[in-house]
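Okay, structure first, notes after.
What follows is calculated from the coordinates using simple rules that are stated; it is not laboratory data. Nothing here was measured: the structure is a model prediction, and the numbers come from that model. Cβ sites come from the backbone with ideal geometry, for glycine too, and all protein chains shown count toward neighbours.
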Amino acid sequence: MKTRSPGQVLDEIARAESATEFNLSTALHTRIRKENQNIMKRRALLYTSAALLMAVVILLSIPSVAQAVKKWFGYVPGAGMVEENSALRVLAAPVTKETANGTITVEQAVADPSHTIVTYQISNIPDSGSSELSYTDYCHELPWIKLADGTILDPQTIGGNSWASGFLRQLEFAAIPASENSVIMGFNCIEGTPKNNNQSKIELTLEFIPAPPEMTVFPVVELATPTSAPAGTPATADSESSLPISLILKKYVQTDQELILFGALQSTVDDYWVSLVDSSDVRLIDSQGSEIPLEEDLSLPDPEIQALVGQVWPLTYRVTGAYHPGEALLSVDSIWVTRSTEASFSFDLGANPQPGQTIVLNQRLTNNGHSFFIKDVTVDAQGNGLQFSFEASEGVSNLNLLDADHDLLGGGGGDASTGFTYRDALPSGEVTILLAGYDEKVAGPWLASIELPAFFGESQPTAVPEACLTNATWQTALAAPLAVTGNLQGSLVLMDLLPPMFTYHVMRADLSGVETTDLANGSNGSVSPDGRTLVFENDSGLNLMTLPGGEVTLIPGTSKRDHGPVWSPDGSLIAFTRAPASSIGGGGPGPYQLMLMNADGSGISTLLDDTQANYAQSWMPDGNNLVFTTMNADGATIKSIEVNTHAVKMLRDVNYQNAGVMVSPDGTKIAFEAMLPGDRYGVFVSNLDGSDERLVANTDPIVTTVPAWSPDGEWLAMSVHDTALDENRPTIALVNQFTCQVIPMTNLHGYVTSWR
């Protein structure tokens, strides 16, 4: 699968929002935060422009946008919190509509006096688009609800998963009048399908009935709101006191399976915009000192929190693991404080700026006691954006640089570089750049206490098993690193984000970590078994390169739809994934096909073409079977397909949709990614059928992902994102699955795609 750069993520969001015909402030807020969570395993620092972030927060603070404060009675799974004495109604039965452009099924709907929530699924979307179409050529309209008098209710919030065909959406609408038990849900078109497919309006009738008496409703427990200033918070340049920021814990809901906590970070000063550095910085410590797994849930906004005065960052977490009942402590270890500025500078881009052109600036700016030195600016490779390199005071990152005179699409950056993309053509001549704001990382902790209730029933959730690579063993290995042993042979192929443009490059490194070669500007590289040819992807399609450093040839018949090429063991075939045309620029739904081609790029053929989201992963040693994953609502199914007969065999299920899977050299085991309690990433090893499963890596709160086997099958290379080592790029770790030896490769960064 293709991995996006930090800037690409926010740029895609900005493009998508600019192309839609509606304005959803809460939706935009949720989408940005959800994208941050989705790429957390990459830990690429997500940088939003201050203008975008401020607009979102301002909109949420307006009474007409934020919901009124309500007194909540209880929590209903699938509906959220309901009001006291609420007349709850539910969908009488699921409703399905089949069309030529896909099948729509409304799985669930609930209505109470404050809002209406509808969950629907779209499946069987044909890949009827073209690679030549742009994002705006596809449907991105959300459905609406029509009342009996013709009133149209548009969605207020949006959630769900749209990564694949069969995607789920959860939409929140305004309340349906109590007198109406039948409404029309309408679709102007099916999301992710071309607008020119002669689509007509689709309407489904939703029938509501009173919620049955036996429907489970869990009570909402209101808490006192204990807050405390962070211990040892450093004084800012313009204040001699601690930051005006508090941690609030307002309520919880206990179900028969989990505990849901509702709180917020709140600033009482308009100039301070607060956000989390990372979801792992939020920790819950029980009465025995054990850290309790937490899983952030963005689908449960609390209107009481959204209506708080000041700048608020909601915190909604599910407790899904074991804990000791009694007094516990919620801790936020660090936060971003975003400050606005009005500093600016000007420079001359020239009459005809060219891609890759760099201009030395040497501009120094100051604000709030901080110093910002803008070193230079580079025109991006596409010629429609600028990337600035900078130095700033310690703890400061994410400078928000804007061109106030021209329309922008979005941007991104990190500790040393930031930039943006223009909506239209790159300007020429003199431009004025505004330093609109910056982020300052502030260490806590911010603390709030809570009395954790006892569990329902007699048994607690199962604790996470021990692993070879944990945070403790990682820190030990860093303190006294082991040398690479003599039996470790071969070289690593990986992809890494490289400055100044922070785009992915295919890299090759020896196991010492000293000799590293930049092979190509692209991602997901795979080296042929004989070591003579590299295949990789970029925005043009799939490419072949003779090694070392030979000419790059774009493979005819491929495009930016094609991802993740993998060589067969005998070097005769290359498997890859072809995304639907609707995915270009927007991640639209549709079928993902398994494809094959010869080693020279000829003979492209379809290996598996169905309505599912299939991703090529790894070859079996016999070269006759390809292991792949199929996304589903709950995660992914690992399968194999025989290349001659196209016979498909199911191997096992995993609870992570984007799970990477690698087959061991002897073909008896697989290493794969899966989710642990608390929305944490783990690396597992099991037999092909899922038996004899072992947790190999759980570095919580550090993220560990993307396993790759050593040629002898004893070691696994994986990515460890330890922000203490690098803010934006993970570090490569070698782990012996038998002895549990851990070797940190601190000179290597990125994600290993193969070990040969």
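General remarks:
- Sequence of 138, 272, 751 once ranked by neighbouring C-beta atoms within 10 Å, starting from the fewest: 272, 751, 138
- Amide N proximity, region 508-536 versus residue 489 label position 7 Å along Cα-to-Cβ, cut-off under 14 Å: 511
- Rounded FRET efficiency, nearest 0.05, which uses the C-beta distance separating residue 343 from residue 87 and R0 of 45 Å: 0.25
- For region 615-713, size of Cβ-based charge dipole, Lys and Arg +1, Asp and Glu -1, in debye: 100 debye
- Dipole of region 614-756, positive direction: furthest Cα of 621, 686, 667, with charges on the beta-carbon: 621
- Kirkwood Rh, angstrom, region 469-755 [1 / mean 1/r, Cα pairs]: 19.2 Å
- With each label modelled as a point 7 angstrom along the Cα→C-beta vector, the residue 724-residue 532 pair spans 4.7 nm.
- Applying 1/(1 + (r/R0)^6) with R0 = 30 Å to the Cβ-Cβ distance of residue 456 and residue 269 gives a FRET efficiency near 0.10.
- Taking 7 Å steps out from each Cα toward its Cβ at residue 666 and residue 149 produces label points 7.4 nm apart.
- In plain terms, the chain from residue 472 to residue 354 could stretch by 37.6 nm, reckoned as 0.36 nm per residue minus the Cα-Cα distance.
- For region 219-458: rounded, prolate or oblate by the Cα gyration tensor [a/c cutoff 1.5]: prolate
- Selection of GluC sites (Glu not before Pro), region 462-566, meeting DSSP coil and at most 16 other Cβ within 10 Å: 466, 515, 551
- Cα centre as origin, Lys/Arg/Asp/Glu Cβ charges: region 674-745 dipole, Debye: 80 debye
- Chain lengthening between residue 443 and residue 217 when straightened (0.36 nm per residue, less Cα-Cα): 77.5 nm
- Aspartates and glutamates with Cα under 17 Å of residue 649, excluding same-chain neighbours fewer than 8 positions away: 609, 610, 622, 689
- Candidates per chymotrypsin sites (Phe, Trp or Tyr not before Pro) in region 421-459, loop by DSSP, up to 15 other Cβ within 10 Å: 456
- Comparing Cα centroids, region 516-572 and region 366-396 end up 33 angstrom apart.
- Of 560/639; 201/560; 146/201; 251/441; 97/146, pairs whose Cα-Cα distance is over 23 Å: 560/639; 201/560; 251/441
- The simple Förster model, with R0 at 30 Å and r as the Cβ-Cβ distance, assigns residue 285 and residue 307 a FRET efficiency of 0.55.
- Inter-label distance, nm, simple model (7 Å from Cα along the C-beta direction), residue 406/residue 297: 4.6 nm
- Magnitude of the charge dipole for region 219-458, about its Cα centre and with charges confined to Cβ atoms of Lys, Arg (+1) and Asp, Glu (-1), is about 240 debye.
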